[in-house]
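To start, the structure itself, in structure tokens.
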Amino acid sequence: MSLLALGLNHRTAPVHIRERVSFGPDIVVGALRSVAEQTGLGEAVILSTCNRTEVYAASDSLDADVVRQWVCRFHGLDPASVNPYLYQHRDRDAVAHLFRVASGLDSMILGEPQILGQVKAAYQTALAAGAVGKQLGRLFQCTFAVAKQVRTDTAIGSSPVSVAFAAVALARQIFADLSTQTALLIGAGETVELAARHLHQHGIGRIIVANRTVERAHALAAEFNGYAIALTEIPAHLPEADIVISSTASPLPILGKGTVESALKKRRHRPVFMVDIAVPRDIEPEVAALEDVYLYTVDDLEAVIQENLRSRQEAAEQAQEIVETHVVDFMGWLRSLDALSVIQDFRTRSEAIRDEVLEKALKQAAAGKPTDEVLRFLAHTLTNKLLHAPSAQLRIAGSTGQTQLLEAADALFQLSRGRQAP
């Protein structure tokens, strides 16, 4: 059984590439079925966030090129435009990579906690779709345990560093006093909730939450004395917004250039700070060309984020040691699966021999042969049949100089210990 992790992330691909290969919640189940049918993968999990898209797979025969081709074909993309940004990890490296991802060691924001929830959600989706078997099931359960230990045993999450935190920090640089500003938050997921929390802590004047599901927007807005609206109401309220932070799973932009232009006119060209955290992007890139608009994407936040990472570097080294220890443990379990199949085959063959000899012995007993004679026949015949094949192979090994096989047999059957007995 082989393992594969194939994908791209914020380090290998810019946002305009990442958004083209993302798997939204509405298509990921279909994608799991498609990848199984078209590549023959035995097990698969698709992780797709604003910063990464990755396929984790387990199969008896894994061809990374076939998976690469499937990713491009599924999204209708020319492989030449995507392949340069893709990376792949096999077996041990794939395990280490997933452990690092879930622990926040491979994130744009070192140690950020949101990724673990995203990994769990990806696993649950694949599990419900019937795409997870024994190997990936065990791998992801180990992954969750590693991430929990990293969070518990290190200080990697002690300082408030996240995309949401970086967005609010940048807003504070642009607007010295947030108490007079209005923030429009588009979406109601974890990132937007974090942004709302940070804005509230820094005294934002007013919060408006826009979401496709208005009930969810109401629930989030109520926590921060905010106001909830539907996505369709955004154009009417956009002129009120000094700060716009958007993070939805929409496959198409929520805000277009025309809508923003109209809002700017009503604002009499007072500046607007916008952060588009979504992938695919929620705000059309052309909006950045408008005067009085300061538009940032997730990639633009990296410089802000780097300033907050120094305190996490030492913790990251400790976390890496935890990851390495668990990689060794998992690979040991994975290798043991080969032994289990051999053991099962050996038991099946031995039991078949036992049943054959026992049947003959019972017939002899039924024919009236003395019990001691039947028992001697059973013991002698069973011993000979069980030892015949290994004895023949050991004789061949001895005559051909296969000392490793002889040493392995000695260790397997603990023969040296028996020879040393008094």
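Summary of values
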{"quantity": "Residue in the stretch 162-174 that is out of contact with any Ser or Thr (no Cβ under 8 Å at 6 or more places or on another chain) and modelled with pLDDT of 95 or more present", "calculated": "no"}
{"quantity": "Filter result for residue 324 (surrounded by fewer than 16 Cβ atoms within 10 Å (Cβ to Cβ), of a type outside the set (Lys, Arg), assigned to a helix (DSSP H, G or I) and in contact (Cβ under 8 Å) with a residue 24 or more places away in the chain)", "calculated": "yes"}
{"quantity": "Residue satisfying condition, being assigned to a loop (DSSP other than H, G, I, E, B) and touching a residue at least 12 places away in the same chain (Cβ under 8 Å), within set 117, 104", "calculated": "104"}
{"quantity": "Flag if residue 194 is assigned to a helix (DSSP H, G or I), outside the structural domain of residue 120 (by TED's automatic domain parsing), within 22 Å of the chain's Cα centre (by Cα) and modelled with pLDDT under 95", "calculated": "yes"}
{"quantity": "Helices (runs of 4 or more DSSP H) contained entirely in the stretch 341-422, each with at least 2 residues that are surrounded by 10 or more Cβ atoms within 10 Å (Cβ to Cβ) and in contact (Cβ under 8 Å) with a residue 24 or more places away in the chain", "calculated": "371-400"}
{"quantity": "Residue check for residue 239: more than 21 Å from residue 165 (Cβ to Cβ) and either more than 27 Å from the chain's Cα centre (by Cα) or at pLDDT 95 or above (or both)", "calculated": "yes"}
{"quantity": "Filtered residues of the stretch 275-317 (kept if under 15 Å from residue 259 (Cα atoms), more than 25 Å from the chain's Cα centre (by Cα) and either of a type in the set (Asp, Glu) or buried (at least 19 other Cβ atoms within 10 Å of the Cβ) (or both))", "calculated": "283, 284, 286, 287, 291, 292, 293, 295"}
{"quantity": "Number of positions in the stretch 69-124 that are on the phi > 0 side of the Ramachandran plot and either surrounded by 22 or more Cβ atoms within 10 Å (Cβ to Cβ) or touching a helix residue (DSSP H, G or I) at 6+ places or on another chain (Cβ under 9 Å) (or both)", "calculated": "3"}
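The values are calculated or read from the model by the stated rules, or taken from the named source; none is laboratory data. Since the structure is predicted, the reported quantities are computational estimates derived from the model, not experimental observations. Don't worry about glycine lacking a Cβ; one is built from the backbone with ideal geometry, like all the others, and counts go over all protein chains shown.
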